[in-house]
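Structure record follows, encoded as structure tokens.
The values are calculated or read from the model by the stated rules, or taken from the named source; none is laboratory data. Being a predicted model, the structure only gives us computed values, none of them experimental. Counting neighbours? That spans all protein chains shown, and the Cβs are built from the backbone with ideal geometry, glycine included.
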Amino acid sequence: MKPRVFSGVQPSGDLHIGNYLGALKNWVKLQYDYECIYCIVDLHAVTVYQDPATLRGKISELAALFLAAGIDPRQSVIMVQSSVPAHAELAWMLTCVTPVGWLTRMTQYKAKAEKQETVGDGLLQYPVLMAADILLYQAQIVPVGDDQVQHLELTRDIAQRFNSLYGETFVMPETKLPAVGARIMGLDDPLKKMSKSETASGHAVALLDPPDVIRRKIQRATTDSQPCVDFDALGPGVANLLNIFQAFSEWTDDRMRAHFSGMRYGRLKQEVADMVIAHLEPLQRRYREIAGEPGYVDRVLKEGAERVAPIANATVEAVKRRMGLYVPC
Ligand code: TRP
């Protein structure tokens, strides 16, 4: 049997080229060697307030983007977290074996809590729900960005604690950082990772941005005071633009050097914009086809949930038995 992969994305903000090059592109490659479950984590999104109509739209949009990026629903499962109630059920049971101290020291919790006037309990429980997502399917591999490593470690701690209290139940998941996945930085601030929750308009190229918007954002990207590309003294902004180009084109380092050495920044930006547009146009075309086919996305999501629900329910039942909870016969 192929090892199982699980990963999730929140349906909030706009998916951008950093998400594509850092995660989605790898997910597409993984699907032929692993049994992959790609989850739209709507229950995680509502740990901070989301406008209901916007959220509902984002869930379908994200599913259509997964499909447009090349995730094949005959190979992989695409599903929505809340459509398999076992996620929330297992999260409760795991909450009961998780010390509050483990949660209050999570760096992401601290960063998010700082920005809220009142901190919802869901924000604290966020990593427990994430542990439930992973442990429900006994996923061995969890491809995530480095910002999620601490959550993965917590997942293993929770699994271990459950196993030691109630007997061997959960498989220990590994973190899989993308081997070739590029780490794309903000166009406006190349020292910060490109982020979905950043709202400044020049920060990220969204996957659904029209070509003229893409071009404008890249033209305005922060560089430095040098006039042209010097590979021996690359500033972070220029390095980021080159990274974006290389991640899309898959050119070798040698070819990149030969082509871009000494190139003026204006020309570099033009070439980066051309490359990004050339790759996003077909993706956007597929997106429009998929989104325009009535019922297709809903069908994929329904089938996805139906395929994984038996696995998830079996885990919940096993956990209930371990804990002495009532399992109807
Ligand atoms: N917390 C993850 C993020 O924001 C999303 C997520 C939720 C996830 N559940 C998951 C990722 C399970 C991997 C596995 O990026």
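When only residues in the range 311-324 that are among the hydrophobic types (A, V, I, L, M, F, W, C) and closer than 13 Å to Leu94 by Cβ count, which is nearest to the chain's Cα centre (by Cα)?
The selected residue is Val316.
In this structure, is Lys302 under 25 Å from Leu191 (Cβ atoms) and surrounded by 13 or more Cβ atoms within 10 Å (Cβ to Cβ)?
Here the answer is no, as Lys302 does not meet what is asked.
Here is a list of conditions, (1) closer than 16 Å to Arg286 by Cβ; (2) part of a strand (DSSP E or B), and Ile37 meets all of them except one; can you say which number that is?
With respect to (1) closer than 16 Å to Arg286 by Cβ; (2) part of a strand (DSSP E or B), Ile37 is out only on (1).
Report the residue count in the range 131-176 for those that are modelled with pLDDT under 85 and exposed (fewer than 15 other Cβ atoms within 10 Å of the Cβ).
The number of residues fulfilling the criteria is 2.
Can you find, within the range 4-26, the residue that is farthest from Arg183 (Cα to Cα) among those that are in a helix (DSSP H, G or I) and either of a type in the set (Gly, Ala, Ser) or not assigned by TED's automatic domain parsing to the domain that holds Thr155 (or both)?
By that ranking, first place goes to Ala23.
In the list Ala182, Ala132, which residue meets the criterion of being small (Gly, Ala, Ser) and part of a loop (DSSP other than H, G, I, E, B)?
Checking each option against the conditions leaves just Ala182.
Answer with yes or no whether Val171 is under 26 Å from Leu55 (Cα atoms), outside any helix (DSSP H, G or I), in the same structural domain as Met106 (by TED's automatic domain parsing) and in contact (Cβ under 8 Å) with a residue 24 or more places away in the chain.
Answer is no for this residue.
Checking Lys29 against (1) more than 10 Å from the ligand (Cβ to nearest atom); (2) touching a residue at least 60 places away in the same chain (Cβ under 8 Å); (3) part of a helix (DSSP H, G or I), which test does it fail?
Of everything listed in (1) more than 10 Å from the ligand (Cβ to nearest atom); (2) touching a residue at least 60 places away in the same chain (Cβ under 8 Å); (3) part of a helix (DSSP H, G or I), Lys29 misses just condition (2).
Kindly list, by first and then second residue, each pair from a residue in the range 143-168 that is under 16 Å from Ala318 (Cα atoms) to a residue that is in a helix (DSSP H, G or I) and of a type in the set (Lys, Arg), limited to pairs with Cβ atoms under 7 Å and residues at least 6 apart or on different chains.
Once the first residue is under 16 Å from Ala318 (Cα atoms) and sits in the range 143-168, its partners that are in a helix (DSSP H, G or I) and of a type in the set (Lys, Arg) give Tyr166/Arg322; Gly167/Arg322.
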